[in-house]
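The values are calculated or read from the model by the stated rules, or taken from the named source; none is laboratory data. Predicted, not measured: the structure shown is a model, and the values here were computed from it. We place every Cβ from the backbone using ideal geometry, glycine too, and count neighbours over all the protein chains shown.
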Amino acid sequence: MKEHILAALQGQYDRWEELLSTMSEEKITTPLPPSVLSVKDEIAHLWAWQQRSLAWLEAARFHWEPMFPQWLPEVDPDAAGNTDKVNAWIFEAYRHQPWSLVHQNWRDGYLHFLEFGEQISERDLLDTDKYPWLEGYSLALVLLGSYAHHQEHLDKLIARLKL
């Protein structure tokens, strides 16, 4: 199962990189209707959430508690109803960063994510009791969640590009 999940994640990464390689920086940094977000903003959003996924994998790999990025101290990003607040904060925090930095951060983070996934045994990835801070979930769900999040944004982005 681990190999299939990691292969799917690698394929996801390859699809994103292929799409991005066909676009000019101007196209990447210009908002795409009907949204106010550009491709760069979407990648920054994915990278920001990717940091949480990396924190879980890093904690598993090094046997410590997850150290999540410090976003909004008074807002739990995992609590119902907080996603829009967190996403608005992410947009404001990264909207002025240059495309080259946003892309590099996302790319490095994604490859690091895959590397950590490789380093954790399949048994540990699937064990729902191994990591108490996952509260009964497995690390495999972190990997699958990242895949689903990237796919959701890729599907929406492709639809917006065809407008």
Tally time: how many residues in the stretch 17-40 are surrounded by fewer than 20 Cβ atoms within 10 Å (Cβ to Cβ) and not in a loop (DSSP other than H, G, I, E, B)?
-> 10
If you go through A60, A55, A88, the only one that is out of contact with any helix residue (DSSP H, G or I) (no Cβ under 9 Å at 6 or more places or on another chain), under 20 Å from I5 (Cβ atoms) and assigned to a helix (DSSP H, G or I) is A55
So is V102 within 17 Å of the chain's Cα centre (by Cα), at pLDDT 95 or above and under 28 Å from T30 (Cα atoms) or not?
-> yes
Test L72 against the stated conditions and say whether it is part of a helix (DSSP H, G or I) and closer than 29 Å to I28 by Cβ.
-> no
Please tell me if D155 is part of a helix (DSSP H, G or I), surrounded by 11 or more Cβ atoms within 10 Å (Cβ to Cβ) and of a type outside the set (G, A, S).
-> no
In the stretch 1-16, how many are touching a His at 6+ places or on another chain (Cβ under 9 Å) and outside any helix (DSSP H, G or I)?
-> 0
